[in-house]
Amino acid sequence: MPKTSPLQAFANKLVSLRYLFLVLSIGIVFLPLLDISSEHASDWVYFLGRFHPLIIHFPIVLLGLLLLLELLNWANWLVLSSSLRWVFLGLSALSSLLAITLGYLLYHTGDYSGEILNLHFWSGVGVAVGSLLLIFLQLQYLSASTKITLQAYGLILLLTNGVVVFASHQGGSLTHGSDYLTDYMPSWESIPEKSEAEMLVYEDVIVPMLDAKCYSCHNEHKTKGDLLLTSLASMTEGGESNQPGLVASNASQSEIWKRVTLPSTHDDFMPPDGKPALTSTEVDLLKWWIDKGADESLSYLSALNDSSVAPRLQSYASELRTAQRKQWKADKALTDLVQQVSYEAAPFLIERNEENDQQLVLSMPFPAGSFNDQDLINLRSLYQELVKVSLISSEISDDALYHVGQMNQLRELSLQKTKIKGTGLVYLTELPALEILDLSHTEVTDAYLLHITKMPTLKEVYLYETPVSPQLVETLRQHLPSVNIYLTRSPGY
């Protein structure tokens, strides 16, 4: 008769207590439901909670290895001893319980919040529940060896490892972003990318740099300081300062380089208004390129022969490729999103915003079609990308404004010539970015117009041809000095 190991003997003693593991697994489910928001977290909570990322790796590894060993054991490729199984089960349960306890403390600090955190927390609880259920099922098998118990054990082990993967993804998303695991997942579609031999310094390094930091203020539609940067010729001409924007082979005499190297507190420093400035690497690359003659045809491979700039150029080009890859994926995702809601003869137009092509503009065609509340609801997958919405002459009602109130990036809203009376304006009071509201040619009344006093970011309101009284308009102008209230047509009408 084979000798029973100490671990197996201990497991045999736990058989009578097996239901405690089942009860504990059920009790853990209530952990995320506890209200912990009322008390300020102590230093001990912060200190212990930050060990969570360290401990969480133990159940990940242990459960993964246990699954692998069980599969090899099932295939008769090796023999998994009962003692080793209990080592993995015990350590997996202990480490998963410790991980969610520390995670609970980290959650208590308030440093993390949001839907991803909730998913990570619940999935972590799922791992702990699975670990305890595995122990229960093994003890149950010791009590009554049945095939269904073994099958349940295998199923729970497989599901628990699936939850581990999901929990790990959510944890990675909290730290690195929601696309952390999928960012480099191979795509069936080839991502357009130049080889190094095809790359030019100006087109593939300098232009993307200026596009990200400068073009928003110096483009064909908006030339701040009369300076246009979207072509080499226009950069050379300069702007209202009457100084050449770019002097080939002489960065120190080039107004562009001067402006980006001024102290950030200087009135002429570019870019202004708290916009992201060029990094030190970008400034150095810009200077090097200008001093090298600002050559539009300078190849990337030729530039790498210059040891003074090659390391920074390679590093920056790699960053650009990563950014371009992300941009391509974002563009494709947005295009796919628009295609999902578009159809032939749709009573609406969806376009990309000129200022940011990752944002959308919704407008009505001319002549207007029969766009109604349901049509707006059907576009809900686009709500978070919409920054401008024009519902001129549509058939929407005040109830539709409830859905407009979910467009968190919305800056401009035109409700001209609609049948709204203003009861739905209350839904717009929570919009965090709404700046322009056009209510011209509507039946909005004094009582409901008062809702604009609770719109924190509002700057312009248009009330042309509405029944709103002049007395109320005057009162609102006095009490809302930061809001311009017009009784004339809006410029975009």
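The values are calculated or read from the model by the stated rules, or taken from the named source; none is laboratory data. As the structure is a computational prediction, the values presented were derived from the model and not from experiment. Cβ sites come from the backbone with ideal geometry, for glycine too, and all protein chains shown count toward neighbours.
A few comments on the model shown:
- Trp289 meets the conditions (1) modelled with pLDDT under 85; (2) over 14 Å from Cys214 (Cα atoms); (3) surrounded by 14 or more Cβ atoms within 10 Å (Cβ to Cβ) in every case but one. The failed one is (1).
- The residues listed here are Gln471, Gln406; of these, the one that is of a type outside the set (Lys, Arg) and either closer than 22 Å to Phe371 by Cα or not assigned by TED's automatic domain parsing to the domain that holds Asn356 (or both) is Gln406.
- Scanning the stretch 292-313 turns up one or more residues that are under 30 Å from the mean Cα position of the chain (by Cα) and touching a residue at least 60 places away in the same chain (Cβ under 8 Å).
- Filtered residue count, the stretch 460-493, keeping only those that are assigned to a loop (DSSP other than H, G, I, E, B) and in contact (Cβ under 8 Å) with a residue 12 or more places away in the chain: 16
- Filter result (out of contact with any helix residue (DSSP H, G or I) (no Cβ under 6 Å at 6 or more places or on another chain), at pLDDT 75 or above and in a helix (DSSP H, G or I)) within the stretch 222-259: Leu232, Ala233, Ser234, Met235, Thr236, Glu237, Ser252, Gln253, Glu255, Ile256, Lys258, Arg259
- Selection status of Val283, hydrophobic (A, V, I, L, M, F, W, C), surrounded by 12 or more Cβ atoms within 10 Å (Cβ to Cβ), in contact with a strand residue (DSSP E or B) (Cβ under 7 Å, 6 or more places away or on another chain) and outside any strand (DSSP E or B): no
- Taken over the stretch 269-280, the residue count meeting the criterion of being surrounded by fewer than 18 Cβ atoms within 10 Å (Cβ to Cβ) and among the hydrophobic types (A, V, I, L, M, F, W, C) is 2.
- Among residues of the stretch 342-354 that are of a type in the set (Ser, Thr, Tyr), those with a Cβ under 9 angstrom from a residue that is surrounded by 13 or more Cβ atoms within 10 Å (Cβ to Cβ), sequence gap 6+ or separate chain, pair up as Ser342/Phe348; Ser342/Ile350.
- Residues being surrounded by 13 or more Cβ atoms within 10 Å (Cβ to Cβ), of a type in the set (A, V, I, L, M) and over 16 Å from Ser414 (Cβ atoms) - total across the stretch 343-363: 1
- Considering residues of the stretch 412-428 that are under 25 Å from the mean Cα position of the chain (by Cα) and closer than 17 Å to Met364 by Cα only, the residue surrounded by the fewest Cβ atoms within 10 Å (Cβ to Cβ): Glu412
- Residue match in the stretch 429-436 (condition: surrounded by fewer than 19 Cβ atoms within 10 Å (Cβ to Cβ), in the same structural domain as His403 (by TED's automatic domain parsing) and assigned to a helix (DSSP H, G or I)): no
- Close Cβ contacts (under 7 Å, 6 or more residues apart or on different chains) running from residues in the stretch 73-87 that are of a type in the set (S, T, N, Q) to residues that are assigned to a helix (DSSP H, G or I) comprise Ser82/Gln8; Ser83/Leu7; Ser83/Gln8.
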